[in-house]
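Report on the structure given below.
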Amino acid sequence: VDEYSGIPTEYVLMQNYPNPFNPITRIKYSIPSFSKVSLKVFDILGREVLKLVDEEKNPGVYIVEFKANHLASGVYFYQIRTGNFILTKKLVLLK
């Protein structure tokens, strides 16, 4: 993050917290420029189970709350897509 402007200088997708979780976790990400942002959750077979973000965002740091009451325990993946940046991380739901 640029200390003077408070605007991130790179795309970042943080590990969700807490992890493992039940039933709520938070996912933090940052974007350095105005971008179309997609943040989705997938099951272990790669099927999309939830779309958390799908909109244009201004530069900044964002935190998304993921409520998994309706999902079974197990390993899931979350993926951010914005411009040329794509990153996927793993999360674990324990009920």
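Do you know which residues across the stretch 47-75 are without any contact (Cβ under 8 Å) to a residue 12 or more places away in the chain and either open to solvent by less than 80 Å² (accessible area, probe 1.4 Å) or outside any loop (DSSP other than H, G, I, E, B) (or both)?
Of all residues in the stretch 47-75, those without any contact (Cβ under 8 Å) to a residue 12 or more places away in the chain come to 47-48, 70.
Within the stretch 47-75, Glu48 is the sole residue that qualifies.
Hey, any hits in the stretch 22-40 for a residue that's without any contact (Cβ under 8 Å) to a residue 24 or more places away in the chain and either over 20 Å from Asn84 (Cα atoms) or touching a Ser or Thr at 6+ places or on another chain (Cβ under 6 Å) (or both)?
no
Of all residues in the stretch 76-87 being in contact with a strand residue (DSSP E or B) (Cβ under 6 Å, 6 or more places away or on another chain) and farther than 16 Å from Gln15 by Cα, which is most open to solvent (accessible area, probe 1.4 Å)?
First, the residues of the stretch 76-87 that are in contact with a strand residue (DSSP E or B) (Cβ under 6 Å, 6 or more places away or on another chain): 76-83, 87.
Those left that are additionally farther than 16 Å from Gln15 by Cα: 82-83.
Numbers: Thr82: 2, Gly83: 73 Å².
The residue in question is Gly83.
Looking at Lys95, Lys90, Lys40, can you tell me which residue is open to solvent by 40 Å² or more (accessible area, probe 1.4 Å) and not in a strand (DSSP E or B)?
Working: Lys90 fails: not in a strand (DSSP E or B); Lys40 fails: not in a strand (DSSP E or B).
When all the criteria are applied, what remains is Lys95.
The values are calculated or read from the model by the stated rules, or taken from the named source; none is laboratory data. In this text the structure is predicted, and so the values were computed from the model without any measurement. Methodologically, a virtual Cβ is constructed for each residue, glycine included, from the backbone with ideal geometry; neighbour enumeration extends over all protein chains shown. The area values use the complete protein model at the heavy-atom level, side chains included, leaving out ligands, DNA and RNA. Shrake-Rupley method; radii C 1.70, N 1.55, O 1.52, S 1.80 Å.
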